[in-house]
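Each reported figure results from applying straightforward, stated rules to the coordinates on display, with no laboratory input. Not measured: the values here are computed from a predicted model. Don't worry about glycine lacking a Cβ; one is built from the backbone with ideal geometry, like all the others, and counts go over all protein chains shown.
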Amino acid sequence: MSGQEIKSTLGKNIKFFRFRRQYSQADLAERADISITFLSNIERGLKFPKPDILSQIAKGLEVKVCELFEAEPVPKDNKELITHLSEDISRKVNQTITEVFKQYGV
């Protein structure tokens, strides 16, 4: 794998895990203590973070550093995938219900 392919894979995986956690770039940048611009450049494969920053990003995403470099970040085990999807759906439903309740003053 070339250097550019590594940067591209890293960027796509960070974005994948960020979306999965429903974090904005601002959310993750704050969690990782980096600028939004730097995070954006990493996600687009333009920049590569130093090891300490990489560790902070992984910690902010609640994943292992090695997961950020996997060619396929989606779990291969169907049970694990179903569990993750179920958690993601439940989180989204709860957020939507909370927003509706707030809107109607409940």
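What's the FRET efficiency of residue 26 with residue 104 using the Cβ-Cβ distance as r and R₀ = 41 Å, to the nearest 0.05? Before the final figure, lay out each step's value.
Numbers: r = 28 Å, r/R0 = 0.69.
Working from the Cβ atoms, E equals 0.90.
Tell me which label goes with the value of Rg/Rh (Cα atoms, Kirkwood Rh) computed from the coordinates here: (1) 1.05; (2) 0.94; (3) 0.99.
Here Rg/Rh (Cα atoms, Kirkwood Rh) agrees with entry (1).
How much length would be gained if the chain were fully extended between residue 6 and residue 85, taking 0.36 nm per residue of separation minus their Cα-Cα distance, in nm to one decimal? The partial results should precede the final answer.
Values: separation 79, 0.36 × 79 = 28.44 nm, distance 2.66 nm.
Full extension from residue 6 to residue 85 adds 25.8 nm.
What number of lysine-lysine pairs in the chain show an alpha-carbon separation below 13 angstrom, given a sequence spacing of 8 or more or placement on distinct chains?
Numbers: 7/15; 7/47; 7/50; 12/47.
Lysine pairs satisfying the spacing and distance rule in the chain number 4.
Using just the helices of the chain, give the 222 nm mean residue ellipticity in deg cm²/dmol: DSSP H runs with n ≥ 4 each add -39,500 (n - 2.57), and the total is spread over all residues, rounded to 500.
Result for the chain, helices only: -21500 deg cm²/dmol.
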